[in-house]
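Q: First the structure, then my questions, so here it is.
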Amino acid sequence: MDTVVFNFFHSLARVSTIGDWLAIVAADYLPWALALAALALAFRTPPHLAGGRASIKKAEHVIFLTLAILVSRGLITEAVRYFVGRARPFITLQFEPLIEQSATSAFPSGHAAALFALAMAAWFINRKWGYWFFALALINGVARVIVGVHWPTDVLAGAVAGVVSALAVHLFLVKIPKQTSS
């Protein structure tokens, strides 16, 4: 089934120059735009806060976003890749992908893990922004299949790792007792 879904999406590659360009931008450059958007979200002053409390909230947002990405991409993805070595589609099917990619293990997708962790964290911070992050993370995942560097299940596993990581980090951070001023 993975190959059937892969072939459907990858068949969109090399059909048009504009389509290829859009897939390349979404696969390679969209993560950078989302990282900048996450910084904008983190440093946005919450409308109900003023003064020093707003600065503390901004720092909490940066910590939350950073930890979610580190746990998903740095810990979970790398741990799974250590035990599960899966060749990328362009290696298995012997074709040239639309973007440059090393022949490292494909499962799970590190991009999907990081971007879905970012999306889940953004959703906790601001629901509206979170929905946009989820949509763009999904676009990135599909684009990485179109350009030929991931199987669909790589992206799905990365998405699950990202969401679970952000949920775990959120639960961990919420359980940290807050100091109250007397």
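Q: Between LEU22 and THR104, what is 0.36 nm times their sequence separation minus the Cα-Cα distance? Round to one decimal in nm. Don't skip to the end; give the middle numbers.
A: Numbers: separation 82, 0.36 × 82 = 29.52 nm, distance 2.42 nm.
Length gained between LEU22 and THR104: 27.1 nm.
Q: Further question: Just want the ordering: ILE125, ILE18, from fewest to most Cβ atoms lying within 10 Å of their own Cβ. Walk me through the intermediate numbers first.
A: On the way: ILE125 20, ILE18 8.
By the 10 Å Cβ count, ascending, the order reads ILE18, ILE125.
Q: Same structure, new question: Mind pulling the angle between the C-alpha long axis of helix 152-175 and the longest principal axis of the chain? Nearest 10 degrees, somewhere in 0 to 90.
A: Compared with the principal axis, the helix lies near 10 degrees.
Q: Of (i) 42, 37, 29; (ii) 59, 35, 27; (iii) 66, 37, 24, which one was derived for Cα extents along the principal axes in Å from the structure shown?
A: Label of the calculated value: (iii).
Q: Determine ³J(HN,Hα), in whole Hz, for all residues of region 14-20 in sequence, where each value follows from phi through the Karplus function 6.51 cos²θ - 1.76 cosθ + 1.60 and θ = phi - 60°; x replaces Gly and Pro.
A: Karplus values, whole Hz, x for Gly and Pro: 6, 8, 9, 5, 5, x, 4.
Q: Here is a follow-up. Return a whole-number percent for the relative contact order of the chain, with Cα pairs under 8 Å and 6 or more residues apart as the contact set. Intermediate results must be reported in sequence, preceding the final value.
A: On the way: 259 pairs, mean separation 55.9, N = 182.
Normalised by residue count, the contact order of the chain is 31 percent.
Q: Using R₀ = 25 Å, calculate the FRET efficiency as 1/(1 + (r/R₀)^6) where r is the Cβ-Cβ separation of TYR131 and PHE95; round to 0.05.
A: Numbers: r = 35 Å, r/R0 = 1.39.
For TYR131 and PHE95, the calculated efficiency is 0.10.
Q: Continuing with this model, one more query. Check cross-link reach from LYS175 to the lysines: straight Cα distance under 21 Å, and skip same-chain residues fewer than eight apart.
A: Partners found: LYS57, LYS58.
Q: So what's the back-of-envelope 222 nm ellipticity for the chain, counting only DSSP H runs of four-plus at -39500 (n - 2.57) apiece and dividing by all residues, rounded to 500?
A: Values: 9 runs with 119 residues, N = 182.
Helix contribution divided over all residues of the chain: -21000 deg cm²/dmol.
Q: In degrees between 0 and 90, to the nearest 10, how far off the longest principal axis of the chain does helix 110-125 point, with axes built from Cα atoms?
A: Tilt relative to the chain: about 30 degrees.
Q: Another one. If you place +1 on the Cβ of every Lys and Arg, -1 on the Cβ of every Asp and Glu, and leave all else neutral, what size is the dipole of the chain about its Cα centre, to the nearest 20 Debye?
A: On the way: 14 positive and 8 negative charges, 167 e Å.
Computed about the Cα centre, the dipole is about 800 debye.
Q: Right, here's the next one. Just subtract the alpha-carbon distance of ALA87 and LEU36 from 0.36 nm times their residue separation and send over the number in nm, one decimal.
A: Numbers: separation 51, 0.36 × 51 = 18.36 nm, distance 3.08 nm.
Answer, rounded to one decimal: 15.3 nm.
Q: For ARG14 and VAL160 in the same chain, what is the full-extension length gain: residue separation times 0.36 nm, less their Cα-Cα distance, in nm?
A: On the way: separation 146, 0.36 × 146 = 52.56 nm, distance 2.95 nm.
Going from the current span to full extension adds 49.6 nm.
Values quoted throughout were computed directly from the atomic coordinates according to the rules given, and no laboratory measurement underlies them. Just so you know, these numbers come straight off a predicted model, no measurement behind them. When we count neighbours, we look across all protein chains shown, and the Cβ atoms used for this are built from the backbone with ideal geometry, even at glycine.
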